[in-house]
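The values are calculated or read from the model by the stated rules, or taken from the named source; none is laboratory data. If you're wondering where the values come from, they're calculated on a predicted model, not measured in any experiment. Methodologically, a virtual Cβ is constructed for each residue, glycine included, from the backbone with ideal geometry; neighbour enumeration extends over all protein chains shown. Remember, those area values only see protein heavy atoms, side chains included, never the ligands or the DNA or RNA. Shrake-Rupley method; radii C 1.70, N 1.55, O 1.52, S 1.80 Å.
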Amino acid sequence: MAGIVVVLDFDKTIIECDSDNWVVDELGFTDLFNQLLPTMPWNTLMDTMMMELHANGKTIDEIVKVLQRIPIHPRVVPAIKTAYAMGCDLRIVSDANTLFIDTILKNLGIRECFSEINTNPSYITEEGRLRVLPYHDSNKYHHGCSLCPPNMCKGLIIERIQDSITCGEEKKRFIYLGDGSGDYCPSLRLKEKDFMMPRKNFPVWELICKDPLLVKAEIHEWSDGEDMERILLHLINKISMEEFISADCKRQSFSVSSHESLPHVLPVRQ
């Protein structure tokens with residue numbers, strides 16, 4: 001449906017693990033990662049780890065091959081393809097990076113399903129090293145959100161998307177799917193007729209459970225890809241039906257009001 005925007009996190013939402021950890025672990029650098037983890041922010045850590053991989057002879061091709069075998073629930077891709085086929089506007093908001101996400105989505109055959117990917121920018125240097133940069137560069141701009149890491153406030157991204165698609169009286173309905181603590185801030189930016197789908201027993205679900213009334217959107221938890229597909233498609237159908245009924249009521253109202261506005265015919269005395 002053109003009136004539905006589906007926003008998905010990436011790690012542990014579309015895929016079954018964290019893509020950053022997957023690459024580090026699969027290429028044998030877990031110990032160094034754990035050693036550096038307490039010393040710097042995550043985004044800086046990943047840029048540093050990519051430098052270490054390059055310094056130890058790991059190539060971009062090796063990283064790509066690792067990403068192409070990342071685990072994903074078998075019902076997630078069909079769910080995304082169905083939502084896209086139904087006309088939903090699908091977008092990603094993720095604290096991963098462009099190379100990881102693009103590589104995985106293209107390998108799964110669903111890159112074209114997404115109109116926008118909001119994530120940390122990355123690029124390959126002339127030397128063949130992957131650089132990972134922050135989405136919000138705190139050296140130039142501080143987003144000012146205490147709930148989010150310095151490199152990315154997903155709440156601000158959601159607000160930008162909301163503002164960019166507001167057109168006249170047409171109200172877009174949002175469905176947001178996420179799992180991590182970084183998905184809590186955007187859940188607070190959703191409106192009353194939107195839907196929040198937190199992954200059960202994951203950080204965002206635990207944060208929401210502390211005070212569900214803080215989230216204006218209707219909350220629907222999910223556990224795995226099968227759950228995700230069933231609930232997501234149910235909500236899309238629910239919104240579609242509500243929009244159909246609303247449009248039908250407007251047509252009937254217009255028809256009645258137009259009829260009542262016609263001049264009455266006066267009887268002619270014989």
Note to self: Show the residue pairs meeting these rules: Cβ distance below 9 Å; 6+ apart or different chains; first residue within the range 110-124 and part of a strand (DSSP E or B) and at pLDDT 95 or above; second residue open to solvent by 30 Å² or more (accessible area, probe 1.4 Å) and basic (Lys, Arg).
What the structure shows: Ile117/Arg111; Asn118/Arg160; Ser122/Arg131; Tyr123/Arg131; Ile124/Arg131
Item checked: Residues of the range 1-13 satisfying the condition of being more than 17 Å from Gln162 (Cα to Cα) and touching a Gly at 6+ places or on another chain (Cβ under 9 Å) -> Asp11, Lys12, Thr13
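Considering only the range 45-102, state which residues are among the acidic types (Asp, Glu), outside any strand (DSSP E or B) and within 29 Å of Ile158 (Cα to Cα).
Across the range 45-102, the qualifying residues are Asp47, Asp102.
Condition check: under 12 Å from the mean Cα position of the chain (by Cα), surrounded by fewer than 17 Cβ atoms within 10 Å (Cβ to Cβ) and either closer than 18 Å to Leu53 by Cβ or of a type outside the set (S, T, N, Q) (or both). Does Glu112 satisfy that? If you could, list the steps in order and put the result at the bottom.
On the way: under 12 Å from the mean Cα position of the chain (by Cα): no; surrounded by fewer than 17 Cβ atoms within 10 Å (Cβ to Cβ): yes; either closer than 18 Å to Leu53 by Cβ or of a type outside the set (S, T, N, Q) (or both): yes.
When the stated conditions are applied, Glu112 does not pass them.
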Next item on the list: Please go through the range 19-43 and pick out each residue that is out of contact with any Phe, Trp or Tyr (no Cβ under 9 Å at 6 or more places or on another chain) and without any contact (Cβ under 8 Å) to a residue 24 or more places away in the chain.
Entry: Gly28, Thr30, Asp31, Leu32, Phe33, Asn34, Gln35, Leu36, Leu37, Pro38, Thr39, Met40
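Looking only at the range 134-144, how many residues end up being modelled with pLDDT of 85 or more and either of a type in the set (S, T, N, Q) or open to solvent by 60 Å² or more (accessible area, probe 1.4 Å) (or both)?
The total comes to 1.
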Notebook entry, point to check: For the range 115-133, what are the residues that are open to solvent by 70 Å² or more (accessible area, probe 1.4 Å) and either closer than 19 Å to Ile70 by Cβ or touching a strand residue (DSSP E or B) at 6+ places or on another chain (Cβ under 8 Å) (or both)?
Noted result: Ser115, Tyr123, Ile124
Note to self: Can you tell me which residue is nearest to Ser223 (Cα to Cα) among those in the range 178-206 that are open to solvent by less than 10 Å² (accessible area, probe 1.4 Å) and among the aliphatic types (A, V, I, L, M)?
What the structure shows: Met197
Item checked: Leu8 closer than 24 Å to Gly155 by Cα, open to solvent by less than 30 Å² (accessible area, probe 1.4 Å) and in contact (Cβ under 8 Å) with a residue 40 or more places away in the chain -> yes
Notebook entry, point to check: Got a sec? Which of Ile175, Ile157 is under 21 Å from Glu16 (Cα atoms), open to solvent by less than 60 Å² (accessible area, probe 1.4 Å), at pLDDT 95 or above and not in a loop (DSSP other than H, G, I, E, B)?
Noted result: Ile175
Check: Does the range 71-103 hold any residues that are open to solvent by 20 Å² or more (accessible area, probe 1.4 Å) and among the hydrophobic types (A, V, I, L, M, F, W, C), and which are they?
Finding: Ile72, Val77, Ala85, Met86, Leu99
